[in-house]
Amino acid sequence: MPAFDREEYRARTARLRQKMGEHGIDCLLVLEESSINYITGYAGYSDYVPQIALVCQDDEDPWLILRELDVTGAMVESYLPEARILFYAEKYIGSSELSAWQPIGDLVRERSESSRIGVELSGKMLGVKGYAALSNSLGTSDFIDADGLVSKLKAIKSPAELMYMEQAGKIVEKAMEVAQLEIAVGARECDVAAAVQYALTSGTPEFPGGGSHIGLPNMAVGFLANQCHSKWGDGRYKMGTQTNFEMGAFRHRYACALSRSIFLGEPSARAQHVHQACHDGWLAAFETLRPGVKCIDVERAFRREFGPRGVRKESRIGYSIGVDWVDGGPSFMEGDEPRFRRI
C-alpha cells in the first residue's frame with residue numbers, strides 16, 4: 001500500500017502543477033525515480049528501464065507509464081487506480097532495434113495535445129537515442145527543461161515525511177551502535193558490515209528498515225581511511241585502524257543519514273586535531289541553522305571555525321536529503337542562495 005494517503009499525494013501534484021504553470025508547462029514528463037515515487041507512491045526500483053509519471057495541467061492525478069512487468073507492483077504501491085497505470089510491451093526491453101520511448105511518447109500524445117511539454121532532461125534512462133525516439137514519437141524536440149521542478153517541492157517536508165525520517169533516524173542510530181560494538185582486533189571487516197546491514201534492515205521493534213537504492217553503507221577501513229564512498233575489504237581489524245562510516249536508514253524510501261569515524265586504539269594527535277576542527281565547525285553550522293538563514297550563511301559559519309585549523313576541505317559540508325537520500329534541494333556551499341523555511 002502507498003506510504004501516504006491520497007490527499008497528500010494530490011496536494012503534491014497540485015503544487016507541482018502550480019510550478020508547471022510558472023514555467024509555461026502544460027504536460028510534464030517526470031523521469032527521476034525518486035520524483036515518480038514522490039508524486040505517485042510507486043516504489044519499485046525500476047529506473048534501469050524507461051518509465052515516467054505524466055502530469056497534466058487539467059488532471060488532478062498523474063499517470064504512470066511503465067514496462068508491463070512493473071504494473072502489478074504499481075497497483076499495490078501507488079495510490080493511483082488501475083486505469084491510470086499504463087504500460088508498454090515487454091518486447092521493447094533489451095532490444096537494440098526498438099526504443100521504449102516510442103510507445104511512451106505515443107501514450108503521452110494520446111493524453112495531451114499540448115506542445116508545451118516539460119521533461120526532466122537529466123533523467124537516468126533518456127540519453128541521446130531515447131531523446132531522439134521520444135522527440136520522434138511526440139513530433140517535437142522543443143521540450144521545456146523541467147530538471148529540478150519536483151526537487152524544489154521535495155525540499156520542504158510534510159509532518160508525515162518528517163515522521164518517517166525520524167523513524168529512520170532511530171534505526172540508523174542503532175546500526176551505528178552495532179558498528180561500535182562489532183569492531184575489535186581480529187574481527188573481519190565483512191562481518192562488521194554484515195552486522196550493520198542487518199541492523200539497518202531489521203530496524204527497531206516498532207518499525208522495520210527499508211532498502212537502500214544507493215548501495216549504502218559506505219565503510220572505508222584503513223590506517224588513514226581517507227577515501228570516500230568506499231566499502232569494506234577482505235581484511236581483519238588491527239590496532240590503530242580507523243573506519244569511516246557513512247550510512248543511512250530508510251523508511252518508505254525516506255532517509256536519515258549518519259556518519260562517524262571509529263578508531264581502534266588511541267588516535268594520533270593529527271587525527272584528534274582534525275576531529276576537533278570538524279566538531280567545532282559542525283557546532284557553529286548547527287547553531288546557525290534557523291528559518292530565514294541562507295545556506296551560504298551556514299557554510300560560512302562552519303568555515304569560520306574550521307578554516308583556521310589548517311585542514312583542507314574543498315567539498316560542500318552538507319545537503320538536503322529525503323527520498324532516496326539526496327533530494328535535489330539546497331546544498332551547504334558557497335553560492336547556494338536558498339533560505340530555510342519553517343514548516
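Laboratory data are not the source of any read-out in this text; all were calculated from the coordinates shown. The structure presented is a predicted model; accordingly, all values stated were derived computationally and were not measured. Neighbour counts run over all protein chains shown; Cβ positions are idealised from the backbone, glycine included.
Summary table
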| quantity | calculated |
| --- | --- |
| Exposure proxy ranking, count of Cβ atoms within 10 Å, fewest first, for CYS56, CYS228, CYS27 | CYS228, CYS56, CYS27 |
| Shape call, segment 202-243: gyration tensor on alpha carbons, a/c limit 1.5 | prolate |
| Residues in segment 156-192 reached by a label modelled at THR204 [backbone nitrogen below 15 Å; 7 Å Cα→Cβ] | 162-178 |
| Relative contact order for the chain, counting Cα pairs under 8 Å that sit 6 or more residues apart, in percent | 13 percent |
| GNM result for the chain, Cα springs below 10 Å: residue of GLY118, GLY203, GLY94 fluctuating most strongly | GLY94 |
| Listed residue pairs exceeding 30 Å between alpha carbons, taken from LYS152/LYS231; LYS174/LYS294; LYS170/LYS231 | LYS152/LYS231; LYS174/LYS294 |
| Per-residue [θ]222 nm for the chain (sum of -39500 (n - 2.57) over DSSP H runs n ≥ 4, rounded to 500) | -12000 deg cm²/dmol |
| Geometric extent, Cα atoms of the chain - Rg, Dmax (angstrom) | 22.6, 68 |
| Charge tally in the Cβ shell below 14 Å around VAL119, where Lys, Arg are +1 and Asp, Glu are -1, VAL119 excluded | -3 |
